[in-house]
1. Return a whole-number percent for the relative contact order of segment 72-168, with Cα pairs under 8 Å and 6 or more residues apart as the contact set.
2. Where Rh is the Kirkwood radius over the Cα pairs of segment 6-103, the temperature 10 °C and the viscosity 1.306 mPa s, what D in µm²/s does Stokes-Einstein return?
3. DSSP beta bridges in the chain, what fraction antiparallel, as a percent rounded to 5?
4. So what's the chain giving for Cα Rg divided by 2.2 N^0.38 Å, two decimals?
5. Kirkwood Rh over Cα pairs of segment 72-168 into Stokes-Einstein at 37 °C, 0.692 mPa s: D in µm²/s?
6. What FRET efficiency comes out for Phe159 versus Leu257 if R0 is 45 angstrom and r is the Cβ-Cβ distance? Round to the nearest 0.05.
7. As a test of the formula, what do you get for the chain when each DSSP H run with n ≥ 4 contributes -39,500 (n - 2.57) and the sum is divided by the residue count, at 222 nm and rounded to the nearest 500 deg cm²/dmol?
8. Please report, in debye to the nearest 20, how large the charge dipole of the chain is about its Cα centre when each Lys and Arg carries +1 at its beta carbon and each Asp and Glu carries -1 there.
Amino acid sequence: MATDGRASEGSGMTRRPLKPFLKWAGGKRWLFQSGQFSLPSFTGRYIEPFLGGGAVFFESQPKNAILSDCNRRLIELFVVIRDDLQPFEALMQNHASAHSNEYYYELRSKQLETPTARAAQFLYLNRTCWNGLYRENLKGNFNVPIGTKQTVIFDADDFPAWSKALQGTHLKHRDFEEAIDEAEKDDFVFIDPPYTVRHNMNGFIKYNQNIFAWNDQVRLRDALSRARERGVSFAMTNADHESIRELYAGFGRHRQLARYSVIAGKSVHRAQSTELLITGD
Ligand SMILES: C[S@@+](CC[C@H](N)C(=O)[O-])C[C@H]1O[C@@H](n2cnc3c(N)ncnc32)[C@H](O)[C@@H]1O
């Protein structure tokens with residue numbers, strides 16, 4: 001099998017799949033765990049323009065990866081874990097020892113000077129804030145209140161393994177269009193945008209950099225369309241909604257994905273929702 005995927009059988013480079021270090025809205029670990037998707041074979045580079053918590057990258061750890069996101073602080077955290085691990089881990093230990101309600105709000109309000117200090121602040125807040133949410137106020141400051149979770153460092157944390165997986169990756173803070181436009185023949189792009197659908201009207205909310213408007217969905221389809229003409233293959237998850245199916249009518253193969261979620265911790269009460277997988281090569 002012609003593949004550059006590190007986790008592929010026969011590549012001789014199989015690595016243990018890793019859980020992401022971030023709790024991130026829309027994380028895609030379930031996609032692999034449910035057995036509904038695995039990375040296809042490809043010979044070029046792996047490009048992931050909506051990195052988020054990096055669940056897809058850490059699951060398969062493809063070689064020659066170019067990872068990006070429009071969240072500057074998130075990319076900075078990945079860079080620090082790749083390049084400055086020991087000081088970062090020491091700062092995480094300090095935050096874990098000091099964690100309290102007062103400490104959370106004090107650290108949240110600080111404008112820190114160095115990338116490593118900001119990265120540890122980011123991960124500490126991600127793990128202790130309400131529901132792992134990321135939200136900024138008008139001034140661009142993180143403003144999510146403290147949550148109920150007290151654990152700052154988990155037994156299962158393996159920062160050296162995350163750092164090792166990130167060695168050799170290119171990490172960039174940028175808009176998705178620039179990332180997709182960079183893809184060339186034989187590259188593979190995994191795309192997991194925010195699930196905006198046409199009726200949301202959320203394009204009117206201009207202040208929040210994480211808002212993905214309908215116009216961005218159209219821009220994404222157009223960028224993908226150009227990439228396909230250059231011989232790029234892709235897989236995209238998106239909302240299983242008629243506006244998305246219409247936007248991609250006649251474009252790639254469409255498959256419905258089933259998502260089961262546990263309600264109130266009781267696995268007997270499971271709710272099913274669906275998402276859309278669109279692939280093309
Ligand atoms: C659904 S999440 C990706 C989740 C990821 N697949 C995971 O498993 O954790 C979508 C990501 O897109 C990013 N994003 C939103 N608008 C973007 C844009 N215009 N360009 C690049 N990234 C964007 C957000 O910051 C967020 O991290």
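1. Across segment 72-168, relative contact order equals 37 percent.
2. Values: Rh = 15.3 Å.
For these conditions, the coefficient is 103 µm²/s.
3. 60 percent
4. This ratio for the chain stands at 1.02.
5. Details: Rh = 13.7 Å.
Value of D from the Cα-based Kirkwood radius: 239 µm²/s.
6. So the FRET efficiency works out to roughly 0.90.
7. Result for the chain: -10000 deg cm²/dmol, rounded to the nearest 500.
8. Values: 36 positive and 33 negative charges, 119 e Å.
For this selection, approximately 560 debye.
Throughout, read-outs are computed from the coordinates displayed, never taken from laboratory work. Please read these numbers as outputs of a predicted model, since none were measured by experiment. Heads up, the Cβs are rebuilt from the backbone with ideal geometry, glycines too, and the neighbour counts pull from every protein chain shown.
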